[in-house]
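Quick notes on the structure that follows.
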Amino acid sequence: MSDMMAKFVRETLDETLKQAYPHMRYPPCMCAEVVARKAQGGKNRCTLRILDKNMLRDNQFPEVPNVLTDIEVEPGDRVVVLMMYGECNPYIVGRWS
């Protein structure tokens with residue numbers, strides 16, 4: 001009986017985290033690689049590829065297009081991004097060196 005209770009608690013907790021606290025499932029700051037960049041009125045519109053802690057492509061995230069930034073970046077650059085409130089809407093904080 002205790003296995004059933006443990007499974008119920010795990011499933012309930014997982015569902016609660018998904019619905020009420022999605023930002024807790026992923027780190028708030030991550031590295032990304034600039035895949036493409038287009039200058040637009042003094043700013044840059046980039047496509048980003050999210051990287052894992054080993055600096056490899058993180059397949060949990062799709063490439064993110066249309067990220068607007070005033071930081072000068074080029075394709076191939078690595079940047080630090082914030083993912084606020086668990087949404088896949090990155091904000092570029094700066095370059096990763």
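Where a number appears in this text, it was derived from the coordinates with a stated rule and is not lab data. Only a predicted model underlies this, so the values are computations on that prediction, with no experimental measurement involved. So basically every Cβ, Gly included, is an ideal-geometry build from the backbone, and we count neighbours across all protein chains shown.
Things to note:
- Asn66 paired with Lys53, simple spin-label distance in nm, labels 7 Å along Cα-to-beta-carbon: 3.3
- Rounded FRET efficiency, nearest 0.05, which uses the C-beta distance separating Val93 from Lys38 and R0 of 22 Å: 0.60
- Computed magnitude of the charge dipole of segment 54-96 (debye, nearest 20; Cβ of K, R +1, Cβ of D, E -1): 140
- Across segment 38-43, computed HN-Hα scalar couplings (Karplus, 6.51 cos²θ - 1.76 cosθ + 1.60, θ = phi - 60°) run 9, 5, 8, x, x, 10 Hz from first to last residue, x flagging Gly and Pro.
- Peptides ranked, highest mean first, by Cβ atoms within 10 Å: ranges 54-67, 28-41, 6-19: 28-41, 54-67, 6-19
- Placing +1 on the Cβ of every Lys and Arg and -1 on the Cβ of every Asp and Glu, with nothing else charged, gives the chain a dipole about its Cα centre of roughly 180 debye.
- On the beta carbon distance between Tyr26 and Ala6, with R0 = 22 Å, the FRET formula returns roughly 0.30.
- Within the shell defined by Cβ-Cβ distances under 10 Å, the residues around Phe61 carry a net charge of -1, with Lys and Arg each +1 and Asp and Glu each -1.
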